Amino acid sequence: MVYSQSSAAGVLALLQEPDSIYKQHALKALISLVPQFWTEISEHIATIEELYETDQLPKPARAAAALVASKVYYFLGEYDEALSFALGAGDAFFAETRTYGSEEFVETIVSKAIDRYIAVRSVEQASSKDKIDPRLQSTIEGIFGRCISEGEYKQAIGIALESHRLDVISSIYSQTKDVSLLTYAMEGVLNTGFSLSYRDEVLRFLFPLFPRPTAGDGSPHVHALTPKSSWRTSSLLIWWRAAHKIFLETLRTQLPQGDEKTQPVYDKLRNILTGKESVKFYREFLKRNNQTDLLILKNTKDVLEPRSSIYHTALTLQNAFMHAGTTSDVFLRDNLEWLGLASNWSKFSATAGLGVIHKGYFEQGQTILGPYLPQSGGESNVPGANYQEGGALYALGLVNAGCGSSITTYLRDALKAAQNEVVQHGAALGLGVAGMGSKSLEAFEDLKNVLFTDSAVAGEASGYAMGLVMLGTAAAEPVREMLQYARDTQHEKIIRGLAMGTAFVYYGRQEEADETIKLLLAEKDPILRYGGVYTLALAYAGTANNDAVRKLLHIAVSDTSDDVRRAAVTSLSFLLFKNPGQVPRVVQLLSESYNPHVRCGATLALGIACAGTGLQDAVEILEPMTKDSVDFVRQGAFIALGMILVEQSEASSPAIGPTRAKYAKVISDKHEDPMARFGAAIGQGFIDAGGRNVTINLQSRAGSTNTSAMVGMVLFCQFWYWYPLAHCACLAFSPTGIIGLNGDLKAPKFEYISNAKPSLFAYPSSTKPPKKEAVTKVATAVLSTTAKVKAREKKKAAAEGENMDLDSKTEADGDVEMKTEVASPKDGDVSPIIQSVSNLAEESKPSTSRKKLEPTFETRPNFSRVTPAQLSYISFPSDGRYQPVRAVSTRTPSKNGKAASATALGVGSEKYAGGGGILILTDLLPNEEAEFIELETAPSAPPPAPPMDVPGNGHAIGAPTGRHIALDESASEAEPPEAFEYPFDNDT
């Protein structure tokens, strides 16, 4: 019989024996007893430590003492001490790794060893290697060796990146020659919160290890770090695809001129890198596939009071978002009377909405907006004209966003010539959006001169624009000037513009912004602290940096200003948007806060981070918030739902139908608060944005942060203070279509396959107009006395032989008698519920007509919509003439043609990184004649139209007199009607 041990006292007593043999035996016995009697053993920990440090015991006994001490400290929760003694245990610890029951202890110690090694290596660079504990170094080397021997290369690469051990990555690649491991390391350093300097070091280290791209392998790896010395022209398709991905102004300016053979290649690359080529194709895609439901806009217009500024602006934004980039102005043309009711800033917003609708139409931007722009003779003296002039300048910037290098000169001249603060406001915003990231010191000085006029309206726009022009530069001197003026001025609008401008300057700069962030968050002025929150969010955008998230959460629950707390919660989305599945869990408790501003921030955080995902967890949090007691919380919930459910179908997201119905109900309810109705209108605009062909996403398909989208969403969040800034949300709209181009950047006609049921990614059905119910004539009731009289008359007539005549007269002049008609049972069955004949017999019979089964796939032509979730279902026929240079998607769809859940695919995966885009195709039959899609070419620009006359009331935008909206002037004139005579005599 085996007796269980009830105490370790006997073994511990042996530690006091003078003979070392007893002590050695006791130490070995205690190793297995620690998990059960660690509380008792901990009282003798000092004795065990002395035995570890003494020279009187042999090395194995001292190692056993260190292991016992390590395990005791582990159970005490003192992990640092446990690690120190585990390192001293040496071989005894490694023997413990093979002992059953010690798995958790060993795993904890190993993880702590890795953490300590990473911390030491982060502080002490590779040159200070001697300062690291040799025992710790040996342990980590053993971990690396074990990972490599077991084939766990990615684990070893992860530890190597964290601990700045790039030699380990090189060693692994030299053994495996697996390029995917280099890609993994590159993505790891780009998508994790490493410092910019270390990121640059890693990329420069990895680049020489990548194999050179060649012209026949499809180029599966595109190198983001491309020194000029490595440029080759062996495969034009490869570099065109790289150009679309990199999209850097600095690269465009540094491209070499090339010789006679290569010069055309570099010239085309420069053209691509301006962004204009991509914009042209996206614009054509949006025009061809416009599915905007005009009846939704008509219903909104009919129920919102047009003379109310907030309602007019709401419908302006809804129309602008729904038609963004489509160049379709049908709604505006059909509702000129409504458009003419705009006044003051509503007129500014209405004019700026044209820029959203015609976004990307940079060739004809000035022509389209010509009648509204300030004329060469100076500003118009007509009352109210300054609002449309300022709005037109702002619209011009939106039209040229992303490719505005050619228009910035015009906007600078307009800014310098403007004397009215409204016109200055529009010119400054337009210059900021068009010149985003240009680093133009001339534009910065022009904006600074407007700022120094100390006009609240013009100064606010200048503050935003100064930051946009210097986007991501971390320029110390401009920031110093901006913050100095922000502290000196008394205008809150200027302070807010400069605070946000500072945030834009530090976009993506991470640790370089830490000092400025600390300075702003310590300010007494809540507006500057508000700017500090956005500086923190933009500096660490997309990194999910733990320290930044922790700091924002602390501000969200501790700051004394409601505006700052709301901004802190909203800013979480800019840090976590690459992992949208985490955001509902992070903001769950914040969405239930007692503070309505915190709840409002939670709605926008969910909307921005989960935009376009249809994430059910986010929808479940937002749906109760649409019934919140505070109007602006409901407003935020409606807007966020529109962002999340954009491009979702009934099959993919069950919430889409109830959400659309809720929008219509709230907008039509005159007793609802104006702010909630405003939010519902904006939500309607988002859910059908870009003719139902765009999504909202802050990252590109490659997984990198989309700078334009990030700026657009940050500016959109400022609609809380200034509605015209809401137009900038269009900067975050990403067209979701497959646009296939060949090597000459022409669009060939071809088809690809979507291996999913068509209903899963179909456009939503159009809104049906209300049915007009036909008025039916009700039969006249017949009284009993009347029936008796008729009966007597019939008897009398029968006696006189006048039966036929009397019957005809009665039918013509008498009342209609109501009779109860009893239909004969069709199958002898009567419903016991409604007491009428039913077709129970037929229902019980099996149906002879089978329901038509939906196909499991469909073929789609070039330039058709493909949503982000649909990408994994797209394939090109193997026998097709055109094949993509790079695979459309790296993911595989779920079985049975059904969309995989967000959890299954990983909500931070490529699924949410934007859909489709421009695909460069390889022509497998280059010698055969190809058929191309004819793209619409912009007509030559006509001379500017004369300025538009404004009625004397100064409020109405009059009927158009020139090319104020997109007109096809190349179209032929309509034929006159044929001659006819009007029938005056028969005019009824």
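For segment 413-465, give me each residue that is of a type in the set (A, V, I, L, M, F, W, C), open to solvent by 30 Å² or more (accessible area, probe 1.4 Å) and touching a residue at least 40 places away in the same chain (Cβ under 8 Å).
If we filter segment 413-465 for residues that are of a type in the set (A, V, I, L, M, F, W, C), which is where we start, we get 414-415, 417-418, 422-423, 427-429, 431, 433-434, 436, 441, 443-444, 447, 450-452, 456-458, 461, 465.
Narrowing further to those that are open to solvent by 30 Å² or more (accessible area, probe 1.4 Å): 417, 436, 441, 452.
Within segment 413-465, ALA417, MET436 qualify.
The one condition from (1) under 28 Å from ASP631 (Cα atoms); (2) charged (D, E, K, R); (3) surrounded by fewer than 24 Cβ atoms within 10 Å (Cβ to Cβ) that ASP688 does not meet is (3).
Name the residue that is modelled with the lowest pLDDT, counting only residues in segment 531-543 that are open to solvent by 10 Å² or more (accessible area, probe 1.4 Å) and out of contact with any strand residue (DSSP E or B) (no Cβ under 7 Å at 6 or more places or on another chain). Among residues in segment 531-543 that are open to solvent by 10 Å² or more (accessible area, probe 1.4 Å) and out of contact with any strand residue (DSSP E or B) (no Cβ under 7 Å at 6 or more places or on another chain), the one modelled with the lowest pLDDT is THR543. In segment 428-463, the residue that is farthest from ALA352 (Cα to Cα) out of those that are among the hydrophobic types (A, V, I, L, M, F, W, C) and touching a His at 6+ places or on another chain (Cβ under 7 Å) is ALA456. When every residue of segment 212-235 is checked against the conditions, none turns out to be under 30 Å from ASP744 (Cβ atoms), at pLDDT 75 or above and not small (Gly, Ala, Ser).
Within segment 735-759, the set of residues being touching a helix residue (DSSP H, G or I) at 6+ places or on another chain (Cβ under 7 Å), open to solvent by 10 Å² or more (accessible area, probe 1.4 Å) and either more than 30 Å from PRO877 (Cα to Cα) or part of a strand (DSSP E or B) (or both) comprises PRO735 only.
Of the numbered criteria (1) in contact with a His (Cβ under 9 Å, 6 or more places away or on another chain); (2) more than 27 Å from ALA762 (Cα to Cα); (3) of a type outside the set (D, E, K, R); (4) part of a loop (DSSP other than H, G, I, E, B), the one PRO256 fails is (1).
For segment 558-568, a residue qualifies if it is hydroxyl-bearing (Ser, Thr, Tyr) and not in a helix (DSSP H, G or I), and the qualifying residues are THR560, SER561.
Select from segment 700-716 the residues that are open to solvent by 10 Å² or more (accessible area, probe 1.4 Å) and farther than 24 Å from GLU284 by Cβ and write down the one among them that is modelled with the lowest pLDDT.
Taking segment 700-716 first, the residues open to solvent by 10 Å² or more (accessible area, probe 1.4 Å) are 700-708.
Still in the list and also farther than 24 Å from GLU284 by Cβ: 703-705.
On the way: GLY703: 73, SER704: 78, THR705: 83.
Checking each candidate, the answer is GLY703.
Anything in segment 663-674 that is part of a helix (DSSP H, G or I), open to solvent by less than 60 Å² (accessible area, probe 1.4 Å) and free of Cβ contacts under 8 Å to residues at least 60 places away in the same chain? List them, or say none. Scanning segment 663-674 gives TYR663, VAL666. In this structure, VAL123 does satisfy being out of contact with any His (no Cβ under 7 Å at 6 or more places or on another chain), β-branched (Val, Ile, Thr) and open to solvent by 70 Å² or more (accessible area, probe 1.4 Å).
Of the helices (runs of 4 or more DSSP H) that lie entirely inside segment 569-640, those containing 3 or more residues that are under 23 Å from ARG529 (Cα atoms) and in contact (Cβ under 8 Å) with a residue 24 or more places away in the chain span 596-609. Scanning segment 565-597 for residues that are surrounded by fewer than 23 Cβ atoms within 10 Å (Cβ to Cβ) and of a type in the set (Val, Ile, Thr) yields a count of 1.
A single entry from ILE41, ILE21, ILE45 fulfils the requirement of being among the hydrophobic types (A, V, I, L, M, F, W, C) and over 60 Å from the mean Cα position of the chain (by Cα): ILE21.
Taking segment 284-293 as the range and being assigned to a helix (DSSP H, G or I) and open to solvent by 70 Å² or more (accessible area, probe 1.4 Å) as the test, only ARG288 passes. Close Cβ contacts (under 7 Å, 6 or more residues apart or on different chains) running from residues in segment 145-163 that are among the acidic types (Asp, Glu) to residues that are surrounded by 15 or more Cβ atoms within 10 Å (Cβ to Cβ) comprise GLU162/ILE118. Condition first: small (Gly, Ala, Ser), open to solvent by less than 10 Å² (accessible area, probe 1.4 Å) and more than 47 Å from the chain's Cα centre (by Cα). Now tell me which residues in segment 68-117 satisfy that. The answer is ALA69, SER70, ALA86, ALA89.
The values are calculated or read from the model by the stated rules, or taken from the named source; none is laboratory data. Note that the structure is a prediction, hence the values are computed from the model and not measured. Every residue, glycine among them, receives a Cβ derived from its backbone with ideal geometry; neighbour counts consider all protein chains shown. Only protein heavy atoms, including side chains, enter the accessible area calculation; ligands, DNA and RNA are left aside. Shrake-Rupley method; radii C 1.70, N 1.55, O 1.52, S 1.80 Å.
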